1. For the range 98-113, which positions are touching a helix residue (DSSP H, G or I) at 6+ places or on another chain (Cβ under 6 Å) and over 14 Å from residue 237 (Cβ atoms)?
2. Check 89, 104 and return the single one that is at pLDDT below 90 and crowded, with 17+ Cβ neighbours inside 10 Å.
3. Of all residues in the range 75-84, which are touching a helix residue (DSSP H, G or I) at 6+ places or on another chain (Cβ under 7 Å) and either part of a loop (DSSP other than H, G, I, E, B) or not assigned by TED's automatic domain parsing to the domain that holds residue 27 (or both)?
4. Criterion first (closer than 15 Å to residue 44 by Cα, within 20 Å of the chain's Cα centre (by Cα) and free of Cβ contacts under 8 Å to residues at least 40 places away in the same chain) does residue 78 satisfy it?
5. Taking only the range 104-156 into account, find how many residues are outside any loop (DSSP other than H, G, I, E, B) and in contact (Cβ under 8 Å) with a residue 12 or more places away in the chain.
6. Go through the range 168-198 and report how many residues are crowded, with 18+ Cβ neighbours inside 10 Å and part of a helix (DSSP H, G or I).
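The values are calculated or read from the model by the stated rules, or taken from the named source; none is laboratory data. From a predicted model like this one, the values you see are computed outputs, not experimental measurements. In this analysis, Cβ positions are derived from the backbone assuming ideal geometry, glycine residues included, and neighbour counts consider all displayed protein chains.
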């Protein structure tokens with residue numbers, strides 16, 4: 001499998017990242033998932049084959065990345081069972097521009113307004129610039145989402161890859177990094193929202209509409225599909241914030 005695309009699609013956690021190995025890049029991706037609470041202590045990682053499919057690399061690369069994080073005490077590996085996330089504080093990690101805690105310090109209304117202003121511009125640009133390789137990656141991620149069923153962890157990893165690939169297709173790396181940071185907002189609540197009945201199916205349907213509009217290079221349709229998607233995220237997050245349900249028991 002050609003692993004070179006991953007080096008240009010990973011969030012820009014550190015400048016000069018393209019000079020790192022694919023294993024290092026995947027290790028950094030997994031660290032970001034932990035830092036943003038998409039993966040939490042005690043969570044089981046998807047299997048190597050599933051991660052390799054979602055992250056578009058070989059199983060050997062995934063295995064090497066997990067071994068790297070295991071050596072740092074971030075992931076616990078045991079023979080005969082899936083790897084688990086250890087209890088470790090990665091809140092100091094800069095995801096792209098800011099730390100996850102910095103984004104979470106803003107209120108929901110401000111973040112939603114920022115996403116509508118900036119993200120719709122970015123995805124609109126992506127509709128005009130997206131290439132066949134990125135469309136193929138999005139299609140593969142949609143298939144992985146479909147096959148994942150109600151597996152929340154697998155879906156969330158696919159979801160991040162799907163969004164970030166589109167952001168970077170817009171052609172402005174700074175804006176792509178900024179909206180990626182906005183994407184991480186209140187991930188504890190978002191994660192819990194995705195565990196609700198029908199939530200994964202609804203998000204998959206949104207993604208399918210976004211992909212179809214991107215494949216047509218239809219800017220207006222992409223913007224409309226993303227606006228619908230962002231509004232649904234806003235509404236479900238608002239409900240969970242109102243009830244104080246962070247999903248820590250999920």
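1. Selection gives 98, 100.
2. Being at pLDDT below 90 and crowded, with 17+ Cβ neighbours inside 10 Å holds for just one of 89, 104, which is 104.
3. Once the filter is applied, which keeps residues that are touching a helix residue (DSSP H, G or I) at 6+ places or on another chain (Cβ under 7 Å) and either part of a loop (DSSP other than H, G, I, E, B) or not assigned by TED's automatic domain parsing to the domain that holds residue 27 (or both), the range 75-84 yields 77, 83.
4. no
5. Result for the range 104-156: 36.
6. 18
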